[in-house]
Each structure stands twice: as structure tokens, then as C-alpha cells.
Amino acid sequence: MAKKDFLLQGFTAQTHFAAVEWLFLCPDIERVILSVAFVNHGGVGLISTNIEQIAQIVEVFAGIRNDITSKQGLEHLLNLGAAVNVVDTGGMRIIFHPKIYYARGKHYARVIVGSANMTLGGLNNNIEASIILDLDLTDTSDAELASDIETAFDGITSEYPDHVKRIFTHEELTKLHIEGRLLDETTSSPPHAVSTTSSSQTDGLANIKLKVPPILRRTVNRTSAPPPDKSKQAATSTRSQTPTGVKFALVWQSKPLTERDLNIPSGANTHSTGSINLDKGLLDEEVDHRHYFRDEVFQALNWNQPQKPTIVDAVAKFSLIVKGLNHGEFDLRVKHTTSTNTKTYKQHNAMSRLSWGVAKAHVAHRDLIGRTLSLYRDEDDQTRFVLEID
């Protein structure tokens, strides 16, 4: 007789990450099926150790052509040695959406069926729910359920050979990405705003405090972009809104925002600087943030030396999206300190900063404390950026 449990991630301290780890501990494990709509690098990374130990018996079914499943996520699975199958329905109106984690041993099987994808959100950060079953294969009904699950997934490859395909090489994933069927986590579409607003105020609603600490997504490694095409910049210089259909690179994410970052000091120990430091944030360890912003992120801007010989500045266009609302586009100034012999530089502090300027009224709100600021760059016009606070 199956043992049953209910998992409500977020509103309780339970996580799908822990549940999947339990699933991989099924006694005398012989087969694993992981079926999800969405896969990304962060999600695979959470359970990579579990997969790697028994990769030869792990089979993954992942939806593609959904603008979420990424080349990096499937590459990670392939590198771990798992059997990777992609499911492409041939259009966007119908997507492959089952979220089932299944493991079978000699006498027992474990199943998680619910809403959790193989992403950081699905396995840890989001509010997700699933039913968990611990099956006893000596029980006829339990054995039949396990058999039904395996038979169903074994059948879809042969029944839908054009839509369910096994991936063997990285070249195949690259081809899927070129065809637009896999997301590249180093470049993405602009952050989606649910609406626009002319108000500088927010709704005042703070981020929900769940019982599961969020796992922050680090910026995926990317090579430096080539110098921008000046003709493209000129052709697009009249845009006033965040463009659609344009590829953006996520170039930086902050750690949880503070009063100082948002210029809302509340006491004697904090003061309004009018700017936010562009520091290490969530960049990978090998990235030197002291040079990264001037030499890579903002390398296409026209830099000036206004007054001090060790400070240069430049102006760029930034669209601002706060809690899903597009507040418009602002001309904001970026400053960079060039000296490398100062205490600030030697202590690996921030050498670049973004002045909020007229956008300050849109960000200086207490309900934004603790949120994350993401910086995206338009890869067609590298003088335009998107700032997203969520």
C-alpha cells in the first residue's frame, strides 16, 4: 500500500529539492524518469550530484520551444551522463507540461507529481505543490501504477518520433538554440512588464516572506560581446520603450537591495548618495568587478573625464521595470574611478556606480528593500539597458 504525502513548498519549510533528493535514495534503485516542462542550469545544478552518481539509469524528458528551457540546462544534464530527451510540440499553443519525478528500485518506487520544474524556482524558490507517493511494489495496485508510468514514457518516443527526440551531442543542442527552440541563459528577451505606469510610486506591497530561503541565481558566464554596430545604434536611437523581440544579455545582478542602494536612508548611519554601487553582486568569482563594468558592460558608451583626473563618466539609456511595471526610459549617468593604487581598489570595493538621477523617485521605496536589481544590455544597441527590480 502506497504511503502518501503532500508537499506545499514556500508556505511550509518543505522543498522539492529535498523531496527529489529523497527520491534518489530509493532502495536498490534501478530506473529514474524525470519529466518536466522547463529546465535551466540552476535547477540541474541543485540535483546534479544525485544525477551524476547514477546517471546511467536517469532519463530526462524536457519541453522545448517554450522560451524557458535553456541550452545550458540540457548541456549540464548531458555532461552528467543522463539520457536527455526533448519534447517539441511544434508550436507555442500546446506545450509539454507534466512535472513527474519517478524512481524505481527492486521492491519500492517513489513518485513526485505536481507543479515543480527543474529550475531554481521549481525546486526551491517558488510556491509549488506536489503529491508524494512511496510505492510498495509487492502491492498489486502500487506495482500497476509504477508500470503505467514507465509504459507511458517508454511509448511516447516511438509514438511521436518527430516530436520526442533523444539528444546525444552538444552540437544538437547548439542547432536547437540556433533554431530558436532553446533559450541561451547568457542572452534573453527583455524582462516582461505586465503594464506601464507614469507614477513614481509603488503599491507598497513588500515581497512575500516564505518559509524557504531563496537560492539566488548567479549570472551565467558569458564571453565579452563584440563591439557594437554603430549603424544599428543609429537606426534604433529613437526607441522610447523597452523593445520586444530584441535579445538582451543579463550582465549583472545585485545582492538583496539595501536602504543605501535605493537611497532611502532611515538613520544617522545611512546617507543618500544618489547612486548605487556596481559591486560584485552575484557575478562569478573569476570576474573582477572593479574593471568589468567599465571594460565590458559599458564599453560601448562615450566616456568623458569631467573634472577629476581619476574619474570618468558616461550617459546611457535605461528602461526601468519595478515589480513588473514599466516606469519608462531614463538617461542615467555611470561613473567609474580609474585609479588602481587606492585603498578602495585594493580592498576590492566597487569602482563603478550608477547615478539614479530622475529615476530616484521611482526606486526610493521601502517595499523594494531586499529585492534584486538585474541589469540587462541590449545586444543590438549596447548603449541601451534595462534595469529590473523584483
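Since every read-out is calculated from the coordinates, none of them should be taken as a lab result. Nothing here was measured: the structure is a model prediction, and the numbers come from that model. Don't worry about glycine lacking a Cβ; one is built from the backbone with ideal geometry, like all the others, and counts go over all protein chains shown.
Structure values in brief
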item	result
Euclidean distance of C-alpha centroids, the range 368-390 and the range 352-367, integer Å	13 Å
By average C-beta atoms within 10 angstrom, highest first, the peptides 69-77, 44-52, 169-177	69-77, 44-52, 169-177
Efficiency of FRET from Cβ geometry, ILE131 and GLU179, R₀ 35 Å, rounded to 0.05	0.45
Correct option for mean projected area of the Cα convex hull in nm² [calculated from the coordinates] among (1) 28.1; (2) 25.0; (3) 22.2	(3)
Estimated 222 nm signal from helices in the chain, with DSSP H stretches of n ≥ 4 weighted -39500 (n - 2.57), rounded to 500	-5500 deg cm²/dmol
Highest-MSF residue in the chain out of LYS360, LYS343, LYS255 [GNM, Cα springs under 10 Å]	LYS343
For the chain, built as a Gaussian network whose Cα springs stay under 10 Å, the top-fluctuating residue of GLY180, GLY204, GLY324	GLY204
Long-range amide H partners of LYS99 with built H, under 5 Å	GLY114
Cα-Cα over 27 Å, subset of LYS308/LYS343; LYS335/LYS360; LYS4/LYS255	LYS4/LYS255
Most mobile of ASN302, ASN277, ASN85 in a GNM of the chain (Cα contacts under 10 Å)	ASN302
